[in-house]
1. Under 6 Å between Cβ atoms, at least 6 apart or on separate chains: pull out the pairs that start in the range B:137-164 with a residue that is hydrophobic (A, V, I, L, M, F, W, C) and end on any residue that is open to solvent by 40 Å² or more (accessible area, probe 1.4 Å) and modelled with pLDDT of 95 or more.
2. Quick one: in the range B:106-115, of everything that is more than 9 Å from chain A (Cβ to nearest Cβ) and part of a loop (DSSP other than H, G, I, E, B), which residue is least open to solvent (accessible area, probe 1.4 Å)?
3. Just give me the residues in the range B:192-232 being of a type outside the set (G, A, S) and surrounded by fewer than 14 Cβ atoms within 10 Å (Cβ to Cβ), in sequence order.
4. Scan the range B:95-105 for residues that are closer than 15 Å to A:E121 by Cβ and either surrounded by fewer than 24 Cβ atoms within 10 Å (Cβ to Cβ) or acidic (D, E) (or both) and jot them down.
5. Can you confirm whether the range A:40-56 contains a residue that is hydrophobic (A, V, I, L, M, F, W, C) and either within 15 Å of the chain's Cα centre (by Cα) or closer than 24 Å to A:C201 by Cα (or both)?
6. Quick one: which of B:L172, B:L181 is open to solvent by less than 30 Å² (accessible area, probe 1.4 Å), of a type outside the set (K, R) and part of a helix (DSSP H, G or I)?
Amino acid sequence: MFWFYAERILGYWPVLLKGLGMTLGLSLLSLLIGAAIGFAFGIIRAGGNRWLSRALGLYIDLFRGTPFLVQVFIVFFILPAAGIELSAFAAGVVALSNLAACFIGEIVAAGLKAVPQGQREAALASGMTPAQQMRLVLMPQAVRIVTPSLVGQFVLLIKDSSVVSAIGLLDLTRSGWMIVQSVPQGLMVFGTVGLGYFIICYPLILLSRRLERRGQDALL
Amino acid sequence: MGKEARMIEFSGVNKWFGPLHVLNDISLTVGKGEVVVVCGPSGSGKSTLIRCVNGLEPFQQGRLVVDGTDLSNRRALRALRMEVGFVFQSFNLYPHKTALENVTLAPIHVRGLNRTEAEARGRALLEKVGLGDKMGNYPHQLSGGQQQRVAIARSLCMQPKVMLFDEPTSALDPEMINEVLDVMVGLAREGMTMMVVTHEMGFARKVADRVIFMDRGAIVETAPPETFFTAPLHARTRDFLGKILHH
């Protein structure tokens, strides 16, 4: 019985593979865009302009404090009402990048604040511009501090990407929904889907743990 | 003192931290090539005083001119900082850079030196402070004394006109103090203009042109070392010297 259904599920490998590809593509693209914006967010959040930092903090909390599914629906169903028409993929990328930027922004800001004040002073005293202080002295150290958390965040992002199946994107989760219509074995189908996510995420979890251990050594 | 011989000139400088008067009407001129040692009890404002010289610390009143630049001109500040080296109590080396990279970072990016030139200069300076064999080491692989010598080389690599030292040996184990002081003595003898906040009175005796005693934000006494140590004018100076010299 088990092998019978297992064979049938695996017979849908093109769908599963397509879903996996979509999940990976969506996550990776959102990760890149989210990281680029997130680092900028982090610099502003840790920076000297208090009002700008607070305004951005409110924006970030807004997205950290609402369900991602709601955010996806807003981007996909409500923005078109305002005249911004997005494909399901574009809507997914927009929502996921935005969420990633918010989380990465707070992580990067925490990293920048963890760099000792003396580092900024040493850079300042040597005549560096604020941009040079950031690029040459502060950011490289902040990145070292937060890399394990960032990698951990990537894992969450990949898992959160499953939510976009709700707007019809054929990602790994949706490929499960499709297969389960012809193979009525929910446990096995979604077990396979879960395994797909785990195969992507597990190496990242291990990497994060290793970086954390190495980071502790480097701080000694 | 002729105008061109003045390197640092405080006139009536006042600074408050809230209600605390941390610099009380400071007037002081340091000439080119002069070595001035600043001492005083903790909280007397001596660190604040030298931190003003390269604009790390703003002040509310008075005038401060360094190498012809008025510090109230915030736009000229960055150019001035290239000419003023600063050595911190806690070294503040960049932990993600090797000794040589620490030394060459600002010369390359701030002075615009090419890498070869900066590295040649950096190597020579690290040799000079006795760390020729540590160029590729990261700060955490170096002792406190070695880190502080790298920090001095880092400042010198910008070829500054003035060197400021903020308690450069207070964070060091006793056996490492001399290796740092030796470098500073060498620098003083080469004619570098220096302001040094320190309680190392042996160093003051050896190379200082003047010793300044500060208390509660004000300069209480200024004298050449021989007078300062043998015949201090003020009771507070005598009291302070009694505390730091008699054990």
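The values are calculated or read from the model by the stated rules, or taken from the named source; none is laboratory data. Everything numeric here is computed off the predicted structure, so don't read it as measured data. Neighbour counts run over all protein chains shown; Cβ positions are idealised from the backbone, glycine included. Side chains are part of the model used for accessible areas, which takes the heavy atoms of the whole protein and leaves out ligands, DNA and RNA. Shrake-Rupley method; radii C 1.70, N 1.55, O 1.52, S 1.80 Å.
1. What qualifies is B:C157/B:R121.
2. Selected residue: B:L113.
3. B:P224, B:E226, B:T230
4. Those that are closer than 15 Å to A:E121 by Cβ and either surrounded by fewer than 24 Cβ atoms within 10 Å (Cβ to Cβ) or acidic (D, E) (or both): B:P95, B:L105.
5. Yes - at least one qualifying residue is present in the range A:40-56.
6. Exactly one residue qualifies, and that residue is B:L181.
Conditions (1) out of contact with any helix residue (DSSP H, G or I) (no Cβ under 9 Å at 6 or more places or on another chain); (2) of a type outside the set (D, E), marked per residue:
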{"residue": "B:I8", "(1), (2)": "no, yes"}
{"residue": "B:G12", "(1), (2)": "yes, yes"}
{"residue": "B:G18", "(1), (2)": "yes, yes"}
{"residue": "B:V22", "(1), (2)": "no, yes"}
{"residue": "B:D25", "(1), (2)": "yes, no"}
{"residue": "B:T29", "(1), (2)": "yes, yes"}
{"residue": "B:K32", "(1), (2)": "no, yes"}
{"residue": "B:V38", "(1), (2)": "no, yes"}
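For (1) more than 9 Å from chain A (Cβ to nearest Cβ); (2) in a helix (DSSP H, G or I), each residue gets a yes or a no:
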| site | (1), (2) |
| --- | --- |
| B:V65 | yes, no |
| B:F86 | no, no |
| B:H96 | no, no |
| B:V103 | yes, yes |
| B:E117 | yes, yes |
| B:G122 | yes, yes |
| B:L125 | yes, yes |
| B:K134 | yes, no |
| B:H140 | no, yes |
